[in-house]
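In what follows, a single structure is set out as structure tokens and then discussed.
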Amino acid sequence: MSPNQKITTQNGKPADGFCEWLAQGRDALRKGDRTRIDLLIAGSRFLSHNPLERLTVSAICKVAGVAHGTFYLYFKDRNDLVGAVLGAFVDYVQLQMRAAARCVGDTTRNTTDAYMLVFEAHPALMKSLVAAGDAFPEARAAFQRLNHDWIEAVVGNAMRSDKGALRSRPDLMRRAYALGGMVDQYLTALFVTNDPWVRDLSQDRSEVVDMLTDLWKRGMAQ
């Protein structure tokens, strides 16, 4: 898939690429491993339509089609499941961005586009990552890991550039964290909270990607 290709289904709505990714190779697994995957997929589907605080073991078992007691063979409680789902989602997001970085063209733009595509296709899961509070420490840790790994990559690239090499690593790290927070805030307003003013300013998707790319480049290089 090219970095500019929108992830859609036949009806034009964003596809659930994460669930499809989770299900890869499921049929070749042992029954117990298949059940664990089914619970992860059920958790992902539930969080795609409901806030974190509404997630219950009973609801997940209903979606997955398994007995209530079966859940506890794989996860100790709902927080354990949330941590596993969002930890896997972080892996999925990183894979999409790494694949985009290998595409022909501007690496910064390609990876920014890929991150926006994930936000676009999975707004509820991204909200769960961004807004996870003290009640879900596993989810909060997963988002912090995603941020840290991405920022390490961004800073590494900046330090290899002529302008970035003039700055200290701590300065570049601070800039990357600040820029990442700005991008998350903008995309959250666009896809999660559906801010009408942000939506109105974001009709041209390509212009939004260009703007976010420009923020990264200017913020890290100047």
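The values are calculated or read from the model by the stated rules, or taken from the named source; none is laboratory data. This is a predicted model, so every value here is computed, not measured. Backbone-built Cβ (ideal geometry, glycine too); neighbour counts: all protein chains shown. Note: areas computed on protein heavy atoms with side chains; ligands, DNA, RNA excluded. Shrake-Rupley method; radii C 1.70, N 1.55, O 1.52, S 1.80 Å.
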TODO: Summarise the long-distance tail of P(r) for segment 85-222 by giving the % of C-alpha pairs beyond 20 Å.
DONE: 47 percent
Task: FRET E, pair residue 194, residue 54, Förster distance 25 Å, beta-carbon r, rounded to 0.05 - done: 0.80
TODO: For residue 48, tell me the accessible area in Å² from a 1.4 Å probe, rounded to the nearest 10.
DONE: 40 Å²
TODO: Obtain the nm distance between the two label points defined at residue 31 and residue 171 by a simple spin-label model: each point lies 7 Å from its Cα along the Cα-to-C-beta direction.
DONE: 6.3 nm
TODO: Could you calculate the FRET efficiency of residue 138 with residue 68 from 1/(1 + (r/R0)^6), where r is the beta carbon distance between them and R0 is 22 Å, rounded to 0.05?
DONE: 0.55
Open item on the list: How tilted is helix 205-221 with respect to the longest principal axis of the chain? Cα atoms for both, answer in degrees (0 to 90, nearest 10).
Closed with: 60 degrees
- [ ] Find the relative contact order for the chain and round it to a whole percent, using C-alpha pairs within less than 8 Å whose residues are 6+ positions apart.
- [x] 20 percent
- [ ] Convert each backbone phi in segment 80-86 into a coupling constant with the Karplus relation 6.51 cos²θ - 1.76 cosθ + 1.60 (shift: θ = phi - 60°), then list the ³J(HN,Hα) values in order as whole Hz, x for Gly and Pro.
- [x] 4, 5, 4, x, 5, 5, 6
- [ ] Starting from the residue with the highest accessible area, list 111, 193, 188 in decreasing order, probe 1.4 Å.
- [x] 193, 188, 111
